[in-house]
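The values are calculated or read from the model by the stated rules, or taken from the named source; none is laboratory data. Here the structure is a predicted model, which means the values were calculated and not measured. Positions of Cβ are generated from backbone atoms using ideal geometry, with glycine treated the same way; all protein chains shown enter the neighbour counts.
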Amino acid sequence: MSYHSFLLEPISCHAWNKDRTQIALCPNNHEVHIYKKDGSNWNKIHVLKEHNGQVTGIDWAPESNRIVTCGTDRNAYVWTLKGDAWKPTLVILRINRAARCVKWSPKENKFAVGSGSRLISVCYFEQDNDWWVCKHIKKPIRSTILCLDWHPNNVLLAAGSCDFKCRIFSAYIKEVEEKPAPTAWGSKMPFGEVMFESTGTAGWVHGVCFSDSGNRVAWASHDSTVAVAEGGKTAVCASLTSETLPLLCVTFITENSLVAAGHDCYPVLFVYDSNKAALSFGGKLDIPKQSAQKGMSARERFQNLDKKATTDSKEAVLESVHKNSISQLSILNGGKAQCAKFCTTGMDGGMTIWDVKTLESAMKDLKIV
Amino acid sequence: MSKNTVSDRFRKVDVDEYDENKFVDEEEGGENQLGPDEAEVDSLIRQGNLMGALQAVLKNPPINTKNQNVKDRAEGLVLKVLSSFKSTDIEKGVQSLDKNGVDLLMKYIYKGFERPSENSSAVLLQWHEKALSAGGVGCIVRVLTARKTV
């Protein structure tokens with residue numbers, strides 16, 4: 001795995017381009033910086049300045065090469081590359097609180113923005129007026145939407161919210177698409193319909209993710225739990241309470257395995273068993289550096305006792321690669337079905353690329369099914 | 001001066017109550033929750049079966065009820081059981097609980113910290129240390145994020 005420290009400030013959000021040579025990230029301010037990989041260096045090639053508030057979400061559409069950003073200034077911009085510069089187009093979201101997260105749909109003809117106004121804005125391009133238009137999903141959301149993920153059928157949208165629930169909505173826009181075929185989550189999907197609402201977990205839902213087939217949805221919530229629900233069997237949600245600090249982001253790397261990361265600064269693996277509808281802990285995915293010094297001298301022990309009232313030799317330094325909470329996970333290669341590489345960015349301003357094969361061979365008990 | 005500056009009663013109005021978008025927790029029927037069975041727990045303590053007493057006192061937690069007396073009684077009972085354990089047996093007591101049991105125990109421990117009596121905090125701190133090593137930091141996070149607690 002390779003770690004690169006971009007900044008000293010936290011990376012608020014990031015997005016990769018299609019061939020993974022460029023990364024767009026927000027360095028905790030009003031701008032978006034695009035870095036291009038050059039050998040083993042990263043060079044800043046573009047700075048996108050249009051937002052008046054911190055940029056809270058970035059998503060880069062791989063096929064159409066458009067970037068959508070949203071921020072605390074209650075706006076979203078769609079950026080298109082014209083020649084050598086990125087040109088913004090304002091999207092009126094009609095929200096009166098900050099936007100928190102944004103995601104392009106799989107076919108890239110719409111995107112959804114979650115906001116603090118307790119609603120989701122689903123935006124699509126209206127050809128006649130040459131303008132982005134949005135529709136709101138309001139009921140029954142009762143608090144900020146923190147995270148979004150689209151189902152592969154381009155219609156269903158999973159949303160995690162601060163009202164302690166993970167829900168799946170239909171975001172079917174008849175102007176841009178055909179009626180969707182029935183799925184495991186239901187067959188009637190008018191706009192705004194709630195196909196699934198979670199029960200059982202308390203705590204804000206920080207991260208939500210559909211599996212590659214779209215039949216499963218996983219979410220991580222602030223009470224240190226991860227849960228998976230399967231369409232068709234929605235009465236049964238498998239959830240796992242963990243012993244660690246809350247997880248902030250979660251993603252499927254195969255149909256049965258999830259990787260999640262959060263305030264503990266290292267990614268962890270979970271395995272879902274469909275037959276038993278049970279989730280289990282797979283292992284910690286951080287390979288700690290072998291510490292050079294083992295054993296302490298008597299002098300160090302006395303100093304420790306004097307300063308910290310303990311002879312414990314554990315240092316106050318984190319052994320994980322990231323030195324602060326990991327706030328976002330993204331899949332680089334292989335998709336959600338057979339992920340080969342994924343990337344994490346965090347509050348320490350660093351980005352790490354993790355290789356699944358290397359991790360599998362390094363950790364003996366790790367099994368990615 | 002105009003008349004309406006005389007009274008300052010308006011400062012005591014809780015404006016959040018009039019907010020139509022105020023978040024209200026879902027009501028879950030908790031009227032029948034009576035808390036752990038006092039007689040059963042007492043008899044188990046008298047018999048010296050402390051493990052059994054621990055299991056019994058963690059049954060029927062009064063989580064959903066709005067009756068404060070039930071909650072206080074339950075907390076008092078739990079404290080009695082926890083205090084009657086010998087220090088060396090605390091670890092075994094914690095091991096005998098499952099994950100939900102450890103979470104529930106942690107909730108009672110923090111509830112006990114809220115209102116300390118003579119020796120309660122010392123006992124609770126010993127239990128806290130053992131429960132922490134069993135449940136990890138996640139257990140404490142769940143105590144903090146629980147909307148309905150004992």
Exercise for review: Give A:Ile67, A:Ile137 a once-over and let me know the one that is under 21 Å from A:Arg20 (Cβ atoms), away from chain B (no Cβ under 14 Å) and out of contact with any helix residue (DSSP H, G or I) (no Cβ under 8 Å at 6 or more places or on another chain).
Suggested key: A:Ile67
Practice item. Filter the strands (runs of 3 or more DSSP E) completely within the stretch A:217-279 down to those with at least 1 residues that are acidic (Asp, Glu). Key: A:225-230, A:268-273
Check your understanding: B:Ser96 passes all but one of (1) touching a residue at least 24 places away in the same chain (Cβ under 8 Å); (2) surrounded by 13 or more Cβ atoms within 10 Å (Cβ to Cβ); (3) over 18 Å from the mean Cα position of the chain (by Cα); which number fails?
Key -> (2)
Exercise for review: Scan the stretch A:230-247 for residues that are farther than 19 Å from A:Ser213 by Cα and either among the β-branched types (Val, Ile, Thr) or more than 14 Å from chain B (Cβ to nearest Cβ) (or both) and jot them down.
Suggested key: A:Ala235, A:Thr241, A:Thr244
Practice item. Go through the stretch B:51-85 residue by residue and tally those that are in a loop (DSSP other than H, G, I, E, B) and among the aliphatic types (A, V, I, L, M). Key: 2
Review point. Between residues in the stretch A:7-32 that are surrounded by fewer than 18 Cβ atoms within 10 Å (Cβ to Cβ) and residues that are of a type in the set (Phe, Trp, Tyr), which pairs lie under 6 Å by C-beta distance while being six or more apart or on different chains?
Key: A:Asn17/A:Trp60
Study note, to complete from the structure: All conditions in (1) more than 14 Å from every other protein chain (Cβ to nearest Cβ); (2) surrounded by fewer than 19 Cβ atoms within 10 Å (Cβ to Cβ); (3) at pLDDT 90 or above; (4) closer than 30 Å to B:Arg147 by Cα are true of A:Val250 except (2)
Review point. From the residues in the stretch A:320-348 that are over 13 Å from the mean Cα position of the chain (by Cα) and closer than 18 Å to A:Trp60 by Cα, which one is surrounded by the most Cβ atoms within 10 Å (Cβ to Cβ)?
Key: A:Lys341
Review point. Can you find a residue in the stretch B:128-146 that is at positive phi and within 14 Å of another protein chain (Cβ to nearest Cβ)?
Key: yes
